[in-house]
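Written below as structure tokens is the structure these notes are about.
The values are calculated or read from the model by the stated rules, or taken from the named source; none is laboratory data. For clarity, every value in this text was computed on a predicted model and none was experimentally measured. Cβ coordinates were reconstructed from backbone atoms using ideal geometry, including for glycine residues, and neighbour counts include every protein chain displayed. Heads up: the accessible areas ignore ligands, DNA and RNA and are worked out on the full protein's heavy atoms, side chains in. Shrake-Rupley method; radii C 1.70, N 1.55, O 1.52, S 1.80 Å.
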Amino acid sequence: MTSADKPFVVIGGGISGMAAALVLAKFGFSVVLIEKRKQLAPTIRGFSRQGTNFDTGLHYVGGLQPDGPLTRYFSFLGLSDVPFTNLCQNCFDRIRFADRAEDIQLPVGRDAIIDYLSGIFPDDRHFISSYYHQIQNLFDSSGFLNFKGNFRDATNAACKQESLACVVDKGTQNPILRTVLSIHSLLYGVSPEETPFIQHARVAGSYLEGVKTVAGGGKILASSFENQLAKSDVTCSCGSAVTAISYDHAGVNGVVLEDERFVPAAGLLFTAHPSILPKLLPDGAIKPAFSRRLLSLEDTISSHTLFCSCDSEIPSVQGNNLFVCLKTGIYHAFRPDCRLDDGPFYVSRRVPDNLVTPMNQSGLIIFAPGNIREYGEWADSKTGQRPEAYRIFKRRRMERLLEIFLRHCPEFKKIRVLDGGTPLTNRDYLGAPLGGLYGTKHSLNQFSPLPATKIPNLWMAGQSIIAPGILGAVISAFVACGFIVGMEKLQAELRKCI
Amino acid sequence: MTDQEIVQKAYTALAQEFELDISQMNPETRLREDLGLDSLDYVDMVVVLEQAFGVKIGKDPELTSVRTLGDVHEFILNKKRALEKIQ
């Protein structure tokens, strides 16, 4: 078999892997997409318990306005049929503080947010305006988010950067406002103290416009991807993990699967957690320095999760998300010794769609911070086969979470808990070796891996590479494909999509 | 730690982590041309040095001017002096 006959292999059937497979197929590659779980898109697909559907990966996304970046990427991928639906325009994010009578209700749109927050914090109105204008400018300055510019080097390796905490703490003394302006760090799982402000702006900036979710949830997005992959003749292999990457002097030449099949490869795009890559490569394929760096990357925040059902409408999560801050400030949530009792909580409910998901089947999810170290003694156990001691510990954690949550949010007292998740659950379901919700951290304290590697036909994509979340995963796929097919060529094609 | 010890420690760490021949390493050795380290390796080099010396180097703009092993020593010694000043 010559290299021209070999397919291009993509490891990991999440958003990044599926998006990259579609891009490569569009440029004429024969593509094999490999996912170790039984179905593609395990994270965004979610799951159901007792007839109630839960979204584990997709809660809300931004940048979906008609000329928004995600609209354009999805249009390029042939996913324009996904039924996106607006969150509540007057309040897409509700933020509750234990010691404040009224919830903060963030509206959609930069100027609307500035007006709203300036009304509540009149002494800080100049800072509020400058903060959101800075976010918008930094967001627009990225070639991946604003198609007027160029795709450019994503590293910023050589510039000294300010943290989000630094910008916010310099700008205002008000502890509530500081929390409001940094709350979205929970959506990428890195403390404001170590998040480069530019990185924050490029994630949080997407929530200024086009804030939507998918009617029917992540499984609808997953099946749109699946349909498109089938139309594009991408070969999907699910249910058997890659156990080794085969390599010779010229680069990667194939992968070995758990079921002992060998898939030849002309090139390889790796989209799983970066710490898995060195374990698949033979000795000598990469330098010890690179291997050690990938293995020592710190993960984003993990969580305890309650999966609940509720038969009736709850106005505080009606077309919006709810953040519950038990303490002002959120830095504590990211520390290794974070306590469940200190919050914050993030609550999301799938927007009911009477055709697809009636109210009583529309699951409600409550996230609280968690650390996998607390579960160290059960690290060897697998989901479904955990020891009794773990189950008792988990039950206590879940009961405690519910008790504290209801104390601050009594309007939820009719919810029924159907299941719970710990950092170990995240590890096993999200393919995250340390239970991190958003891959490895994009932090001032570590260097994120780049799409290109020293092996000429091996590339990396996924939340850990360029940026987290659905938008970040999609962008990382496009950047990696830009290296493979030619950046200019890909950008020219993208500019044609509206 | 003396300056000489620092240089030795840096050589040992870089040789081990990049599989280099330590006998070929001297202050004039060019990272790119002689050792074959490119921009992708620079980031790994920073992490190797951080771990060897237990200091945070991070995304330091001065790194862009590092071309030879001599520049690497100078960079680390400057870091060390800066740290001593703080202490």
Distance in nm between A:Cys166 and A:Asn137 label points, each 7 Å along Cα→Cβ, equals 1.7 nm
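Give me the net charge of A:Val485's neighbourhood, meaning all other residues with Cβ under 14 Å from the Cβ of A:Val485; Lys, Arg count +1, Asp, Glu -1. Could the numbers behind the result be given before it?
Values: positive: A:Lys26, A:Lys489; negative: A:Glu488, A:Glu493.
Neighbour charge sum, excluding A:Val485 itself: 0.
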Longest principal axis of chain A (C-alpha) makes with the long axis of helix A:15-26 (C-alpha) an angle, in degrees to the nearest 10, of 40 degrees
With the contact rule set at Cα under 8 Å and sequence spacing of 6 or more, what percent relative contact order holds for chain A? 23 percent
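Take A:Lys414, A:Lys441, B:Lys85 and sort them by solvent-accessible surface of the protein heavy atoms, 1.4 Å probe, largest at the top.
Working: A:Lys414 160, A:Lys441 25, B:Lys85 180 Å².
From most exposed to least exposed: B:Lys85, A:Lys414, A:Lys441.
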At what distance in nm do the modelled label points of B:Val55 and A:Asp341 sit from each other, each positioned 7 Å from its Cα along Cα→Cβ? 4.2 nm
What pairs from A:Lys279/A:Lys454; A:Lys441/B:Lys85; A:Lys148/A:Lys489; A:Lys26/A:Lys496 go past 21 Å between their alpha carbons? A:Lys441/B:Lys85
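When each pair of different Cα atoms in chain B is counted once in the 1/r mean, what is the Kirkwood radius in angstroms, to one decimal? Walk me through the intermediate numbers first.
Values: mean 1/r = 0.0762 Å⁻¹.
Kirkwood hydrodynamic radius for chain B: 13.1 Å.
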Residue-wise HN-Hα coupling along region A:216-222, computed from phi with Karplus coefficients 6.51, -1.76, 1.60 (Hz; x: Gly, Pro): x, x, x, 5, 5, 5, 4
Leaving ligands, DNA and RNA out of it, work out the accessible area of A:Glu258 with a 1.4 Å probe and give it in Å² to the nearest 10. 110 Å²
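Using a 1.4 Å probe over the heavy atoms of the protein chains, calculate the carbon and sulfur portion of the accessible area of the protein assembly as shown as a whole percent. Please list the in-between numbers first.
Working: 12190 of 24590 Å².
Carbon-and-sulfur percentage of accessible area, whole number: 50.
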Summing +1 per Lys or Arg and -1 per Asp or Glu among the other residues with Cβ less than 11 Å from A:Phe139's Cβ gives 0
Which aspartates and glutamates, if any, have their Cα less than 19 Å from the Cα of A:Lys413, not counting same-chain residues under 8 positions apart? A:Asp103, A:Asp311, A:Glu313, A:Asp341, A:Glu399, A:Glu403
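Considering only protein heavy atoms, with the full assembly of protein chains and a 1.4 angstrom probe, order A:Cys310, A:Cys238, A:Cys338 by accessible area, largest first.
Working: A:Cys310 5, A:Cys238 55, A:Cys338 30 Å².
These residues rank, largest area first, as A:Cys238, A:Cys338, A:Cys310.
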What are the residues whose amide H is under 5 Å from the amide H of A:Ser163, where those residues sit 5 or more places off or on another chain and H is modelled from the backbone? A:Phe197
For A:Tyr331, net neighbour charge (Lys/Arg +1, Asp/Glu -1) across residues whose Cβ lies under 14 Å away: -1
With DNA, RNA and ligands ignored, accessible area of A:Val252 (1.4 Å probe; Å², nearest 10): 10 Å²
Amide proton proximity set for A:Ala266, modelled H, under 5 Å, gap of 5+: A:Phe8, A:Val9
Sequence neighbours fewer than 8 away in the same chain don't count; with that in mind, list the aspartates and glutamates whose C-alpha is under 13 Å from B:Lys9. B:Glu17, B:Glu50
Accessible surface ranking that places the most exposed of A:Thr179, A:Thr235 first, with a 1.4 angstrom probe: A:Thr235, A:Thr179
Angle between chain A longest axis and helix A:125-140 axis [Cα atoms, degrees, rounded to 10]: 10 degrees
Per residue of the protein assembly as shown, what 222 nm ellipticity follows from adding -39500 (n - 2.57) for every DSSP H run with n ≥ 4, rounded to the nearest 500? -11000 deg cm²/dmol
Please list the non-local residues whose amide H lies under 5 Å from the amide H of A:Asn321, H modeled 1.01 Å from N, same-chain partners needing a gap of 5 or more. A:Asp93, A:Arg94
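I'd like the mean, over residues of B:34-45, of how many other protein chain beta carbons sit within 10 Å of each residue's own Cβ. Could you put the intermediate results ahead of the total?
Numbers: counts 0, 0, 1, 3, 1, 5, 8, 4, 4, 10, 11, 1.
For this peptide, the per-residue mean of nearby foreign Cβ atoms is 4.
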How far is it, in nm, from the label point at A:Asp103 to the one at A:Glu403 when both lie 7 Å from their Cα along the line to the Cβ? 2.5 nm
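Given R₀ = 22 Å, FRET efficiency for A:Gln318-A:Arg416 by Cβ-Cβ distance, to 0.05? Don't jump to the answer; show the numbers that get you there.
Working: r = 19 Å, r/R0 = 0.85.
After rounding to 0.05, the efficiency reads 0.75.
Normalised by the residues of region B:3-86, what does the relative contact order come to in percent, with Cα pairs under 8 Å and at least six apart? All intermediate terms of the calculation are to be shown ahead of the outcome.
Values: 56 pairs, mean separation 30.2, N = 84.
The value is 36 percent.
If R0 is 22 Å, what FRET efficiency do you get for B:Lys9 and B:Glu74 from their C-beta distance, rounded to 0.05? Could the numbers behind the result be given before it?
On the way: r = 15 Å, r/R0 = 0.68.
That pair, B:Lys9 with B:Glu74, gives E of 0.90.
Let me confirm one metric for peptide A:285-295, namely the mean number of other chain beta-carbon atoms within 10 Å of its residues' beta-carbons. List each step's numbers first, then the result.
Values: counts 0, 1, 10, 6, 15, 8, 2, 5, 7, 1, 0.
Whole-number average of other-chain Cβ neighbours for A:285-295 is 5.
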When the Karplus curve 6.51 cos²θ - 1.76 cosθ + 1.60 is applied with θ = phi - 60°, which whole-Hz ³J(HN,Hα) does each residue of region A:325-339 get, with x for Gly and Pro? 9, 7, 10, 6, x, 10, 4, 4, 5, 9, 7, x, 9, 4, 10
Using only Cα atoms, find the angle between the long axis of helix A:388-408 and the longest principal axis of chain A, and express it within 0 to 90 degrees, rounded to the nearest 10. 40 degrees
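How big is the Kirkwood radius of the protein assembly as shown, worked out from every pair of different alpha carbons and given in Å to one decimal? Mind showing how you got there, number by number?
On the way: mean 1/r = 0.0399 Å⁻¹.
Evaluated over the protein assembly as shown, this radius sits at 25.1 Å.
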In square angstrom, rounded to the nearest 10, how much accessible surface does A:Met398 have for a 1.4 Å probe? 20 Å²
